[in-house]
Amino acid sequence: MSSNLQTSTEAKTYFTANMRPAPIVFERGQGCHLWDIEGHEYLDMCGGIAVLSVGHSHPTLVSAIQDQVASLMHVSNLFFNDKVIALAKAITSRTVFDRVYFVNSGAEANETLLKLARRYHYEQGDKERVQIIAMEGSFHGRTYGALSMTGQPKYKIGMAPMVGGIEHVPFMNIEAVKKIIGKQTAAVMVEPLQAEGGIHVGSKRYLQQLRELCDENGALLFYDEVQTGYGRTGEFLAMEHSGVEPDGCSLAKGIAGGFPLGAIAVKEKLTEGLPPGSHATTYGGNALGCAAGLAVLRVFDEENILDNVKKQSSYLLAGLNQLREKLGTDIAVDVRGQGLLLGLELADSIDPLALLGKLREQNLLLSLAGGKVLRFSPPLVIEQDLIEQGLSIVEQVLSDPPKKESK
Ligand SMILES: *Cc1c(COP(=O)(O)O)cnc(C)c1O
């Protein structure tokens, strides 16, 4: 039998070094569980970084993909396919948006919003409107446009120059936006809940004020809902919590349950913002990805996923709050988030990466956000007994957490 350690050590010799996978090799998943090549079972509360909206190998998703792959995968965007039409119709009918465009990832969706922001105003005859306002601490992806909008310097080291015309202001600080927004502003880009940045929920008031400022200044308001969309926060889109309607948003991660797919969804007035020929993608909207996307929505309806997210979120949130009280601020500093995107902020003395390793040894998979926040983003089909199981492992490991080397 091959071992995790041996196989992953050998694997490292084949890959570029920019990603650092844990020394573990998975070969099977079902629901909220994963199995490695040694046959160990893990509880997956990382959920492929908030991607596994309907869990691993959901039968509805599996058979939709199997059926589709046998009938039609790809025809390019020179033609329609039946699945892309059905998915576009489904997304527009479930959201405040009228038009969609499909891509292959979150970064590509945000690239599209960036280009759309500028070209929309250009088409209106307003060629000076190129400024994009984005937030410090944000994450929008790794391609140049998306990276340029990302408000975290650590992702940009050695990669300058960035795309020009993008300015960052502190998240949740409306005065900072007021100072720089004007007739030169094409769009404001914001995550309603900063996920990668450390699980920071944007307040209703802040999001309302951003909408007002954009309206007063003729700027577009875009939300990055790549991580928060698709039920993750307990509503279909996180924007529903505040009632604020942006002019468009990006989607990806949970949209096709693990199959690579992304999209932008926009209001009617942006339909001609990118005129014919101004932007395109070869794979975006392929029949296979869209069949997966349709299957995810079918599961959402058949299994009342949004209700489950709300229910399980309250268990998980209550459990994490109890844990924080029990452990004290020497270990757990804060608990925050929405739906099944919750974070437990660790005290500075704890070594977060070593902690993830300890949790893995107890067969629990979690990820970090913002460096020191334990992120809980399990499959949206998770049930109470698994939440309790996960919490008890976290409690056990955090009762004697790995400390940072004292310098
Ligand atoms: C993950 C993420 C992205 C990037 O998506 P990719 O599919 O990795 O390109 C963009 N924005 C947010 C908010 C994300 O969480």
Point to revise | Cβ-derived FRET efficiency at R0 56 Å, K178 paired with D67, nearest 0.05 | key: 0.60
Review point. In whole angstrom, how long is each semi-axis of the equivalent ellipsoid of segment 249-366, when you take the square root of 5 times every eigenvalue of its Cα gyration tensor and sort them from largest down?
Key: 38, 18, 16
**Study point:** √(5λ) per eigenvalue of the Cα gyration tensor, the chain, largest first, Å
**Key:** 34, 27, 20
Exercise for review: Give the Rg/Rh ratio for segment 63-119, taking Rg as the radius of gyration of the Cα atoms and Rh as the Kirkwood radius, to two decimals.
Suggested key: 1.02
Check your understanding: Which whole number in µm²/s is D for segment 155-226 by Stokes-Einstein, with the Kirkwood Rh taken over Cα pairs at 20 °C and 1.002 mPa s?
Key -> 161 µm²/s
Check your understanding: Taking the Cβ of E108 as the center, what net charge do the other residues with Cβ under 15 Å away carry, scoring Lys and Arg +1 and Asp and Glu -1?
Key -> 0
Review point. In terms of the Cα gyration tensor, with a ≥ b ≥ c the square roots of its eigenvalues, is segment 93-243 rounded because a/c is under 1.5, prolate because a/b exceeds b/c, or oblate?
Key: rounded
Review point. Which ordering of E111, E383 is given by a fewest-first count of other beta-carbon atoms within 10 Å?
Key: E383, E111
Review point. What number, rounded to the nearest 500 deg cm²/dmol, is the helix-based mean residue ellipticity at 222 nm of the chain, given -39500 (n - 2.57) per DSSP H run of at least four residues and division by all its residues?
Key: -11500 deg cm²/dmol
Revision key, fill the gap. Here the Kirkwood hydrodynamic radius of segment 181-291, Cα-based and in Å, equals 15.2 Å
Check your understanding: Full extension from S203 to R298: what is 0.36 nm times the residue separation minus their Cα-Cα distance, to one decimal in nm?
Key -> 31.1 nm
Revision key, fill the gap. Scoring only Lys, Arg, Asp and Glu (+1, +1, -1, -1) among other residues with Cβ under 15 Å from the Cβ of M73 yields -1
**Study point:** Residue-span extension gain [K403 to E27] - 0.36 nm each, minus C-alpha spacing
**Key:** 132.2 nm
Revision key, fill the gap. For E383, placing the label point 7 angstrom along Cα-to-beta-carbon and taking segment 26-58, residues whose amide nitrogen sits under 14 Å are 31-33
Practice item. Among V381, V333, rank each residue by its count of other Cβ atoms within 10 Å, from fewest to most, as a rough exposure measure. Key: V333, V381
Study note, to complete from the structure: Per residue convex hull volume, Cα only, segment 329-407, in Å³ is 89 Å³
Check your understanding: Taking Cα pairs under 8 Å and at least six residues apart, what relative contact order does segment 1-97 come out at, in percent?
Key -> 18 percent
Exercise for review: Express in whole angstrom the spacing between the alpha-carbon centres of segment 205-222 and segment 58-115.
Suggested key: 29 Å
Study note, to complete from the structure: Ranked from fewest to most other Cβ atoms within 10 Å of their own Cβ, T282, T13 fall in the order T13, T282
Exercise for review: Determine the sum of side-chain charges near N363: Lys and Arg each +1, Asp and Glu each -1, restricted to other residues whose C-beta is under 12 angstrom from that of N363.
Suggested key: -3
Revision key, fill the gap. Simple spin-label estimate for A318/K154, 7 Å along Cα→Cβ, in nm, reads 3.4 nm
Practice item. Calculate, in nm to one decimal, what E41 and A17 gain on full extension: separation in residues at 0.36 nm each, minus their alpha carbon distance. Key: 5.9 nm
Revision key, fill the gap. note: segment 2-124, Cα-Cα separations exceeding 19 Å make up a percent value of 70 percent
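Quick note: the coordinates plus some simple rules give every number you see, no bench work behind them. Just so it is clear, the model here is predicted, and its values are computed rather than measured. Cβ atoms come from the backbone with ideal geometry, glycine included; neighbour counts cover every protein chain shown.
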